[in-house]
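Beneath this line is the structure, given in structure tokens, with notes to follow.
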Amino acid sequence: MTSQDVTPVQLAVIDSVAPHMRHNPYDSYTVLRGAGSFVPGPHDTHLVTRHAEAQAILLDPRWSHAEEPEILHGDSDVELPGSFLWMEPPDHARLRGLVGKAFTARTIGGLRERARQLVDELLTRMLAAGEVDLLEALAYPVPLTLICELLGVPAAAHEQVRVMSASIARGLDPDLLLAPEELAARTAAVHEFTEFFGDLVEQRRRAPRPDLITALVQAEEAGVRLTQTELIGTLLILVVAGHETTVNLIGNGVLALIRHEDEFRRLRADPDLAGPAVDEVLRYDAPVHLTTRTAHAVIEVGERTFAPGESVIVLMASANRDPAAFPEPTRFDIGRYLPGRRTERHLSFGLGLHYCLGAPLARLEMSTVLHAIGVRVTKLSLLEEPPYRPNVVVRGMSELRVRLEGK
């Protein structure tokens with residue numbers, strides 16, 4: 001097949017995952033939505049491009065998430081510890097229930113003051129410097145510090161956790177998009193993660209502490225506790241989902257404010273808009289762009305019928321820009337999710353059984369950052385266009401150099 005034989009839709013499929021298009025996959029999503037709700041994708045899947053169909057699939061328990069490792073990582077012997085993320089009932093309900101006993105709203109709420117203190121300290125340093133890489137100065141330290149402190153990871157090991165997490169996050173992309181050295185780095189990082197957190201788990205078994213690892217070790221339901229494999233898999237998801245995704249959320253949100261000066265002025269005039277602004281950032285430029293589902297029954301979605309065993313890749317970031325669901329979908333509006341405004345929910349945290357367990361923590365961290373920026377930062381500008389990492393599933397910048405002034 002020559003380049004002349006490739007249709008605009010096929011080109012959009014390719015560009016939606018191409019490393020050189022990481023800065024803007026949204027034009028490709030527009031083409032794909034225009035082609036229909038379901039577009040042929042890799043590995044005999046269909047890409048789900050529109051909001052109504054994506055929402056219906058995510059809410060329907062007849063669609064399974066358990067086959068994702070096979071769909072995205074079937075080209076190699078993937079070494080990612082199992083967790084409830086890739087399970088279905090009854091195992092999913094059991095594990096999520098046990099994790100929920102440790103990862104409670106009260107636990108997350110208790111981090112609010114620590115988050116404010118941490119963001120304030122980091123902003124003070126940034127304002128004193130004047131020009132910084134915002135990812136290094138703010139977006140990484142906030143979620144990394146909070147999840148590590150919550151788990152009980154020693155401060156000296158925070159950077160080690162960051163490095164492991166980055167290799168694993170890249171490894172969540174489909175294997176066909178990964179170079180051999182990236183596959184090897186994923187395997188090495190998973191082994192290191194398993195050994196590092198395995199040691200911490202054993203330490204907490206012998207000497208419990210007031211941290212989340214201890215709570216997970218002690219969590220029990222009807223006499224059943226998490227196995228060692230389940231513990232490590234759960235910790236991996238909490239670290240990667242509670243760290244890498246929020247780094248990108250913070251970076252994407254600040255970049256959107258820089259590129260939409262009127263919205264930055266709105267936030268400065270009313271920092272309490274930070275709460276609804278979190279949801280608009282999640283809709284407008286989500287840190288996680290896709291997920292997968294496999295039909296476990298004959299299921300009708302829209303005008304299409306899926307047979308058992310057929311799989312789809314749900315493009316949540318495309319659904320979040322669907323004009324049939326969101327008026328002016330390409331407009332960044334930090335008041336879109338204000339109470340009283342009738343707005344479709346975004347899909348960035350998922351829906352149904354697999355709704356993101358870490359959503360409250362991500363909201364807390366992001367709203368704290370946005371509120372502090374609204375209160376303390378008076379000027380914010382880009383020093384250069386930001387480069388992007390090649391990641392497709394967990395998408396974000398590799399650097400965000402900014403100039404800022406404030407008080």
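Details
- Residues that are among the β-branched types (Val, Ile, Thr) and touching a strand residue (DSSP E or B) at 6+ places or on another chain (Cβ under 9 Å), drawn from region 256-279: 258
- Considering residues of region 374-407 that are hydrophobic (A, V, I, L, M, F, W, C) and under 22 Å from residue 349 (Cβ atoms) only, the residue modelled with the highest pLDDT: 397
- Any hit, region 217-229, residues being modelled with pLDDT under 90 and in contact with a Cys (Cβ under 9 Å, 6 or more places away or on another chain): no
- Against the test of being in a helix (DSSP H, G or I), buried (at least 23 other Cβ atoms within 10 Å of the Cβ) and over 16 Å from the mean Cα position of the chain (by Cα), the options 257, 273, 236 yield a single qualifying residue, 257.
- Subset of region 88-125 that is over 30 Å from residue 137 (Cβ atoms) and assigned to a loop (DSSP other than H, G, I, E, B) - its residue that is modelled with the highest pLDDT: 104
- From the options 359, 372, residue that is closer than 22 Å to residue 144 by Cα and out of contact with any Leu (no Cβ under 8 Å at 6 or more places or on another chain): 359
- Contact map, region 14-40: first residue in contact (Cβ under 8 Å) with a residue 60 or more places away in the chain and in a helix (DSSP H, G or I), second residue crowded, with 18+ Cβ neighbours inside 10 Å and among the hydrophobic types (A, V, I, L, M, F, W, C), Cβ cut-off under 6 Å, separation 6 or more or different chains; pairs are 17/392; 32/12; 32/39.
- Residue 301 surrounded by fewer than 23 Cβ atoms within 10 Å (Cβ to Cβ), of a type in the set (Val, Ile, Thr), under 15 Å from residue 56 (Cβ atoms) and modelled with pLDDT of 95 or more: yes
A quick yes/no check of all residues on (1) surrounded by 21 or more Cβ atoms within 10 Å (Cβ to Cβ); (2) farther than 28 Å from residue 20 by Cα; (3) free of Cβ contacts under 8 Å to residues at least 40 places away in the same chain; (4) in contact with a strand residue (DSSP E or B) (Cβ under 6 Å, 6 or more places away or on another chain):
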| residue | (1), (2), (3), (4) |
| --- | --- |
| 116 | no, yes, no, no |
| 120 | no, yes, no, no |
| 125 | no, yes, yes, no |
| 133 | no, no, no, yes |
| 137 | no, no, yes, no |
| 154 | no, yes, yes, no |
| 177 | no, no, no, no |
| 183 | no, no, no, no |
| 187 | no, no, no, no |
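- On the stretch given as region 385-402, residues that are of a type in the set (Val, Ile, Thr) and under 15 Å from residue 258 (Cα atoms) total 1.
- Wholly within region 282-365, strands (runs of 3 or more DSSP E) carrying at least 2 residues that are more than 18 Å from residue 68 (Cβ to Cβ) and over 19 Å from the mean Cα position of the chain (by Cα): 299-301, 304-306
- For region 288-295, the criterion of being out of contact with any His (no Cβ under 8 Å at 6 or more places or on another chain), surrounded by 22 or more Cβ atoms within 10 Å (Cβ to Cβ) and farther than 19 Å from residue 48 by Cβ is met by none of the residues.
- When the residues of region 165-175 are filtered to those that are outside any loop (DSSP other than H, G, I, E, B) and in contact (Cβ under 8 Å) with a residue 40 or more places away in the chain, the one that is farthest from residue 398 (Cα to Cα) is 175.
- Scanning region 314-334 for residues that are surrounded by 20 or more Cβ atoms within 10 Å (Cβ to Cβ) and closer than 22 Å to residue 40 by Cα gives 314, 315, 316, 317, 318, 319, 320, 321, 322.
- In summary, residue 217 fulfils each of the numbered conditions (1) buried (at least 23 other Cβ atoms within 10 Å of the Cβ); (2) part of a helix (DSSP H, G or I); (3) touching a strand residue (DSSP E or B) at 6+ places or on another chain (Cβ under 8 Å) with the single exception of condition (1).
- If you filter region 158-173 down to residues that are touching a strand residue (DSSP E or B) at 6+ places or on another chain (Cβ under 9 Å) and not small (Gly, Ala, Ser), you find that the one that is modelled with the highest pLDDT is 170.
- Per the listing 22, 33, the residue uniquely of a type in the set (Lys, Arg), modelled with pLDDT of 85 or more and closer than 20 Å to residue 167 by Cα is 22.
- Qualifying residue in region 341-352 (condition: at pLDDT 95 or above, surrounded by fewer than 17 Cβ atoms within 10 Å (Cβ to Cβ) and not aromatic (Phe, Trp, Tyr)): yes
- The set of residues in region 1-13 that are among the β-branched types (Val, Ile, Thr) and part of a helix (DSSP H, G or I) comprises 9, 13.
The values are calculated or read from the model by the stated rules, or taken from the named source; none is laboratory data. Treat the numbers as computed from the prediction; the structure is a model and nothing was measured. Positions of Cβ are generated from backbone atoms using ideal geometry, with glycine treated the same way; all protein chains shown enter the neighbour counts.
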